[in-house]
Amino acid sequence: MIGILQIFVSLLVLVSFALLVAVPVILATPGEWEKSQSIVWSGAGLWSALVILTGIFNVVPA
């Protein structure tokens with residue numbers, strides 16, 4: 001169970017870093033928001049799911 005939690009936390013850190021870099025670049029580039037809007041929303045959904053899953057696996061006893 002601890003291995004799954006470590007994987008979720010690692011994925012959460014990687015997705016957070018990717019969003020931290022990608023979103024400002026997408027918003028600062030003219031015309032890029034219209035093309036990349038679905039990618040940003042998908043990344044936000046993935047991030048939210050990872051937060052919820054990490055919380056669930058952190059509370060569930062081993």
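The values are calculated or read from the model by the stated rules, or taken from the named source; none is laboratory data. Everything numeric here is computed off the predicted structure, so don't read it as measured data. With ideal geometry, Cβ positions are generated from the backbone for all residues, glycine too; neighbour counts draw on all protein chains shown.
Worth pointing out:
- None of PRO30, PRO24 is more than 17 Å from ILE2 (Cα to Cα) and not in a helix (DSSP H, G or I) except PRO30.
- Verdict on PHE8 being part of a helix (DSSP H, G or I) and either of a type in the set (Lys, Arg) or exposed (fewer than 13 other Cβ atoms within 10 Å of the Cβ) (or both): no
- Subset of segment 29-62 (residues that are exposed (fewer than 10 other Cβ atoms within 10 Å of the Cβ) and either of a type in the set (D, E, K, R) or touching a helix residue (DSSP H, G or I) at 6+ places or on another chain (Cβ under 9 Å) (or both)): GLU34, ALA62
- Taking first residues from segment 15-28 that are farther than 17 Å from SER48 by Cα and surrounded by 10 or more Cβ atoms within 10 Å (Cβ to Cβ) and partners that are at pLDDT below 95 and of a type in the set (Ser, Thr, Tyr), the Cβ contacts under 7 Å between residues at least 6 apart in sequence or on separate chains come to ILE26/SER36.
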